[in-house]
Ligand SMILES: Cc1cc2nc3c(=O)[nH]c(=O)nc-3n(C[C@H](O)[C@H](O)[C@H](O)COP(=O)(O)OP(=O)(O)OC[C@H]3O[C@@H](n4cnc5c(N)ncnc54)[C@H](O)[C@@H]3O)c2cc1C
Ligand code: SF4
Ligand code: SF4
Ligand code: FES
């Protein structure tokens with residue numbers, strides 16, 4: 001009973017990496033449209049999703065993040081041509097590594113949000129918060 | 001000495017000394033080395049004898065390679081028409097009166113083989129019926145999976161001029177799609193559409209077209225888009241082949257180290273934000289070498305490029321570099337060249353020692369892809385350093 005109460009009260013910490021050219025502007029768009037965005041998400045701006053070192057994501061978990069989101073320009077739309085391709089490739093490899101530590105894929109989501117997609121920005125973040133809330137707090141599992 | 005005149009699509013002949021085309025700049029005759037009898041060991045100098053100005057015809061002039069250091073390069077090599085010679089739709093051998101759009105353009109020209117008169121080569125008489133095949137090669141297959149943009153405009157212009165020169169002619173348009181955008185496009189199309197002498201047939205793919213030579217002219221057999229088979233006869237057939245990258249585009253792109261797109265055209269840096277910039281800073285693209293487009297767009301691109309260059313390369317002024325660039329900690333660089341491979345802008349090279357990477361800040365766009373890729377962690381992303389990002393993370397996650 002007590003455990004259940006703790007679970008429903010769980011407020012995940014989500015870290016979102018936003019690309020300067022798309023999702024960062026998408027966040028602005030969501031703000032201007034007064035869409036409600038989940039307050040559990042904290043954002044970090046980078047020039048391109050290709051700048052995201054997988055180590056940042058591991059470090060985020062280490063510092064208490066329960067989930068991480070990477071929001072990049074749509075395929076073919078990266079301001080630097082192919083940064084999002086590198087980001088997607090790195091994220092896929094990282095997911096395999098995370099699985100070995102028992103970290104669910106939902107805790108490391110990558111998606112594409114353009115500068116005009118304020119609604120999608122709010123939706124993706126809401127989905128991540130919901131998915132991570134269901135999973136509960138991140139627990140490192142180093143036994144297997 | 002006469003040889004085939006390439007400028008007029010080989011429809012007539014020219015001399016070994018010739019003006020390249022009407023209005024060429026500089027407007028000077030040139031000697032075609034391959035055709036000149038002197039290059040074959042002859043002693044001919046008829047052209048020099050005919051010239052009233054002494055020493056104007058120079059036999060000793062040679063091709064020269066000139067090396068220059070420049071601050072910018074503009075690629076404007078255009079596109080070419082898809083080679084139709086091997087298309088199965090045209091049968092074994094395209095007949096004399098089957099023209100590409102380029103060849104027909106020459107037939108219409110004052111300086112063309114007939115002085116602008118529209119006549120068939122077979123009979124020397126004006127055609128009673130003309131078939132214009134739009135979209136030849138375009139909108140089909142992986143390589144030409146696009147609209148060539150100029151063909152419909154071109155085809156309707158032909159229609160308009162043929163009807164002016166040969167008022168009785170009937171014109172059949174066989175097309176996959178009709179594309180006439182912009183403020184002037186529809187007016188031309190409407191005038192042709194409303195003319196009772198124009199006929200329109202939509203065909204789904206080149207596979208269902210056959211151009212056959214007949215005793216009295218040509219027959220174009222088709223199965224239209226709704227599956228109904230039919231045939232039109234014509235004295236003259238005009239093909240509007242797809243605009244495709246020129247044969248030496250690949251070589252040129254390798255030489256300049258710029259990227260090409262999936263279709264083989266020179267790739268722009270960004271299709272909306274940087275359409276006239278190549279993937280390398282300082283190398284610009286103008287016209288159909290980047291994508292099929294009409295003259296107006298090609299001119300616009302040329303002017304945009306000129307504007308970019310003039311505003312960036314001002315004599316006596318320094319070029320401003322964005323502060324967000326990557327920088328190698330040369331002392332600790334392992335020389336693995338991972339960064340070299342991932343940089344989309346060719347901004348990274350080997351330094352003089354050949355053992356360490358070095359970023360050209362002029363070319364670097366500051367994306368940070370190399371920073372994330374460097375396995376030694378010695379590529380620094382200025383203004384977005386690892387330290388800065390980690391500190392920011394610590395702040396927001398605290
Ligand atoms: C048959 C036809 C009809 C058309 N009709 C119309 C029309 O009615 N209206 C319209 O708006 N547009 C029309 N167009 C389109 C128009 O021709 C193009 O938009 C325009 O020519 C593009 O200009 P450009 O400078 O990019 O290329 P181009 O005009 O093709 O110029 C490229 C130049 O680069 C040179 N070159 C190529 N390779 C090299 C190299 N390696 N080194 C140095 N030089 C090189 C070529 O010799 C050429 O002179 C038509 C096109 C065709 C094919
Ligand atoms: S930051 Fe981007 S553009 Fe600059 S050197 Fe690195 S990969 Fe190349
Ligand atoms: S990736 Fe890093 S270590 Fe490797 S060459 Fe580039 S800067 Fe040096
Ligand atoms: S610039 Fe947005 S992902 Fe590269």
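What follows draws every value from the coordinates through simple rules; no lab data is involved. Values in this document were obtained by computation on a predicted structure and should not be read as measured data. Neighbour counts are summed over all protein chains in view; Cβ atoms, including those assigned to glycine, are modelled from backbone coordinates with ideal geometry.
How well do other chains shield peptide A:52-62, expressed as the mean number of their Cβ atoms within 10 Å of each residue Cβ?
Across the residues of A:52-62, the mean count of other-chain Cβ atoms within 10 Å is 4.
If you bin the C-alpha pair distances of the range B:287-398 every 10 Å from 0, what whole percents do you get?
All Cα pairs, binned at 10 Å, distribute as 13, 30, 25, 22, 9, 1 percent.
What order, most packed first, do the peptides B:9-21, B:129-141 have when packing is the mean number of other Cβ atoms within 10 Å of each residue?
Put in order of decreasing packing, that is B:129-141, B:9-21.
What's the ranking of B:99-106, B:296-303 by average number of surrounding C-beta atoms within 10 Å, highest first?
B:99-106, B:296-303
Rounded to the nearest 10 degrees, what's the angle between the helix B:151-165 long axis and the longest principal axis of chain B, both from Cα atoms, 0 to 90?
Value to nearest ten degrees: 30.
If you fit an axis through the alpha-carbon atoms of helix B:386-397 and take the longest principal axis of the Cα set of chain B, what angle between them do you get, 0 to 90°, nearest 10?
The helix B:386-397 is inclined about 80 degrees to chain B.
Could you identify which residue out of B:235, B:329, B:207 has the top mean-square fluctuation in a GNM of chain B using Cα springs shorter than 10 Å?
B:329
Taking beta carbons within 10 Å but only from partner chains, what does the mean come to for residues B:212-221?
Mean partner-chain Cβ count within 10 Å for B:212-221: 0.
Output the 0 to 90 degree angle, nearest 10, between the alpha-carbon long axis of helix B:295-312 and the longest principal axis computed from the alpha carbons of chain B.
Relative to chain B, helix B:295-312 is tipped by roughly 30 degrees.
Mind ranking B:318-327, A:10-19 by how tightly packed they are, going by the mean number of other C-beta atoms within 10 angstrom, highest first?
Top of the packing list down: A:10-19, B:318-327.
Using a Gaussian network for chain A with springs between C-alpha atoms less than 10 Å apart, which of these wobbles most: A:73, A:48, A:37?
In the Gaussian network model the winner is A:37.
Write down Rg/Rh for the range B:94-152, rounded to two decimals, with Rg from the C-alpha atoms and Rh from the Kirkwood relation over Cα pairs.
1.06
Pick from B:179, B:118, B:328 the residue whose mean-square fluctuation is largest in a GNM of chain B, springs joining Cα atoms under 10 Å.
B:328
Please state, to two decimals, what the Cα-based radius of gyration of the range B:350-398 comes to when divided by 2.2 N^0.38 Å (N = residues).
Its radius of gyration relative to the 2.2 N^0.38 Å reference: 1.39.
Indicate the gyration tensor shape class of the range A:1-137 (rounded, prolate or oblate), computed on the Cα atoms with a ≥ b ≥ c the square roots of the eigenvalues: a/c under 1.5 is rounded; otherwise a/b larger than b/c is prolate and the rest oblate.
oblate
If you wrap the range B:1-137's Cα atoms in a convex hull and average its projection over all directions, what's the area in nm²?
13.2 nm²
Give me the compactness ratio for the protein assembly as shown, meaning the Cα radius of gyration over 2.2 N^0.38 Å.
Ratio of Cα Rg to 2.2 N^0.38 Å: 1.30.
Provide a whole-number value for the mean count of partner chain Cβ atoms within 10 Å of the Cβ atoms in peptide B:391-397.
Mean number of neighbouring Cβ atoms from other chains: 6.
Name the shape class, rounded, prolate or oblate, that the alpha-carbon gyration tensor gives for chain B, where a ≥ b ≥ c are the square roots of its eigenvalues, rounded holds for a/c under 1.5, and otherwise prolate holds if a/b is larger than b/c and oblate otherwise.
Here chain B falls in the oblate category.
Enter the Cα centre distance for the pair the range B:363-382 and the range B:88-157, rounded to the nearest angstrom.
That distance is 52 Å.
When the Cα centres of the range B:167-245 and the range B:296-320 are compared, how far apart do they sit, in Å?
If we compute the Cα centre of each part, the gap is 41 Å.
Express in % the proportion of alpha carbon pairs of the range A:20-91 at distances exceeding 16 Å.
53 percent
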